[in-house]
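Heads up: the structure comes next, in structure tokens.
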Amino acid sequence: MPTPSSKKALPERPAPTGTAIDPLLARRWSSRAIDPTATVARPALRALLEAARWAPSSGNSQPWRFVVWDRARDPAGWQRALDALEPGNREWVVRAPVIVLCCADLLDRKDQPNRFASHDAGLATENLLLQATALGLVAHPMAGYDADAMRAVAAIPPRFDPLACIAVGMPGDPAPLAERHRAKESGARQRRALEESAFEGGWGRALE
């Protein structure tokens, strides 16, 4: 599913990895520069959700659920979802034509607590983000929103926990962004050293 050639491409900001990884993984980053005039084609949106659907999960429980608000189809619903975001996120998400909310089913098929639910929903979200990168779309996950307000907006059942919101759209010009957001579009990409995150044989033992 090619990205429309008439649209701006997502700027290349490959991760400065210490060891070579697949280019798709290195290319994924969370831009805030979104074209406010462009919509997300329905086949592309379905591809993001299909990628999420095929994520792994404990016992194939598939605890994730995604709620989508497409401004082109439901402007009132999209506005309610936007209003549930924290002000700092609303500043740039207002340019995004699609807002997606990932939720996790906290109970398993036997209605017992599923302690892997958030982990598995995160795997599904990462699939969605990588599919967006493959299609040349911006997909920026956020934790900054009012969970109670979003629960009401999406009519989320009690057994489900709202997790990340994701702004989705076509890449755009960063110039209209607030300075603090614009600076993040070109700043250095950073992660802690691998030795601080990955251990061998026990906690704190550096990977050989």
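With the range 1-103 as the region, which helices (runs of 4 or more DSSP H) entirely inside it contain at least 2 residues that are at pLDDT 95 or above, at negative phi and buried (at least 18 other Cβ atoms within 10 Å of the Cβ)?
Per the criteria, 42-53, 75-83, 87-93.
Anything in the range 119-160 that is charged (D, E, K, R) and under 13 Å from D105 (Cα atoms)? List them, or say none.
Result: D120, R159.
Against the definition (under 21 Å from the mean Cα position of the chain (by Cα), assigned to a loop (DSSP other than H, G, I, E, B) and buried (at least 16 other Cβ atoms within 10 Å of the Cβ)), how does G187 come out, yes or no?
Taking the combined requirement at face value, the residue does not satisfy it.
Going through the range 133-171 one residue at a time, which ones are assigned to a helix (DSSP H, G or I) and within 11 Å of the chain's Cα centre (by Cα)?
T133
The values are calculated or read from the model by the stated rules, or taken from the named source; none is laboratory data. Bear in mind the structure is a predicted one, so any value in this text is a computation, not a measurement. Neighbour counts are summed over all protein chains in view; Cβ atoms, including those assigned to glycine, are modelled from backbone coordinates with ideal geometry.
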